[in-house]
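The values are calculated or read from the model by the stated rules, or taken from the named source; none is laboratory data. Because the structure is a prediction, the values reported are computed rather than measured. For neighbour counting, all protein chains shown are included, and Cβ atoms are generated from backbone atoms with ideal geometry for every residue, glycine included. Heavy atoms of the whole protein, side chains included, go into the accessibility calculation; ligands, DNA and RNA do not. Shrake-Rupley method; radii C 1.70, N 1.55, O 1.52, S 1.80 Å.
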Amino acid sequence: MYEALKKFISSKGDIAAPTLDSICLHFDLISTNRNEILLQCEQVANYYYFVNKGAVRVFTITDDGQEISRYFAFEDTFVTALPSFIDQKPAEEYLQTIEKSELLRISREDFYQLVASVPVFAKIYTEILELGFITAQKRIYGFQGYDALYKVKWIIKNQPKLLLRVSNKMAASFLGISPATLSRLKAKL
């Protein structure tokens, strides 16, 4: 159950097997159903998740009830409501499994204890933060002032799993276009 996590951690630096095993002891395996909410809006995020199998979506709901997808995490990816996890204030978003999933969960306390005591884990945390920032910036800059076709091509290039594994409705909300427009453009490509 920890093979993917061990492989992910080992890819970040030279790490002894006993240290790797020790890191894994801080994670609990949880199995979820499709559409299970891991974190409600206004709850404080106390867990970080590593996606072993499945997919997790981070989304918000507008005042008029529209869901806006912000991020999708697939296998071998960490995910949480990061602002809430860091500052321990209520989340402004939801975390939801969008497929039947197998997740490895670590508490905030254990996560930061590993960051402080295991250099390779501190490196992983830095990479998570940097990747999150870069992905968000690319998405913002890639979407500003561009038409729907450009956005769909961007997603195909930068996040190819997304259109294959996520519903048109969720993908369209991520792209800021209508589901009908997304379907029409996908048929052309």
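The value given for the range 1-92 is a Kirkwood hydrodynamic radius of 14.8 Å, derived from the mean inverse Cα-Cα separation.
The charge dipole of the chain, taken about its Cα centre with unit charges on the Cβ of Lys, Arg, Asp and Glu (plus for the first two, minus for the last two), comes to roughly 1020 debye.
When the chain is described by a simple charge dipole with +1 on each Lys and Arg Cβ and -1 on each Asp and Glu Cβ, the residue from G13, L175, A187 located farthest towards its positive end is A187.
If only the Cβ of Lys and Arg carry +1 and only the Cβ of Asp and Glu carry -1, the dipole of the range 1-54 around its Cα centre is close to 200 debye. The range 17-96 and the range 118-189 have Cα centres lying 17 Å from one another. Using a cut-off of 29 Å between Cα atoms, the listed pairs K100/K186; K7/K153; K100/K157; K161/K188; K7/K169; K123/K186 include K7/K153; K7/K169; K123/K186 as exceeding that distance. Against the empirical curve 2.2 N^0.38 Å, the C-alpha radius of gyration of the chain lands at a ratio of 1.07. Per residue, the range 110-189 exposes 58 Å² of solvent-accessible protein surface, assessed with a 1.4 angstrom probe and all protein chains in place. The residue list Q113, L82, L25 was ranked by how far each Cα lies along the charge dipole of the chain toward its positive end, using unit charges on Cβ atoms, and L82 comes out on top. For the chain, with all protein chains in place and a probe radius of 1.4 Å, 54% of the accessible heavy-atom surface sits on carbon or sulfur. Using a/c under 1.5 as the rounded threshold, could you call the range 70-127 rounded, prolate or oblate? The axes a ≥ b ≥ c are square roots of the C-alpha gyration tensor eigenvalues, and prolate needs a/b larger than b/c, oblate otherwise. Cα axes put the range 70-127 in the oblate bin. In the complete set of protein chains, residue-level accessible area for I61 is approximately 70 Å², probe 1.4 angstrom.
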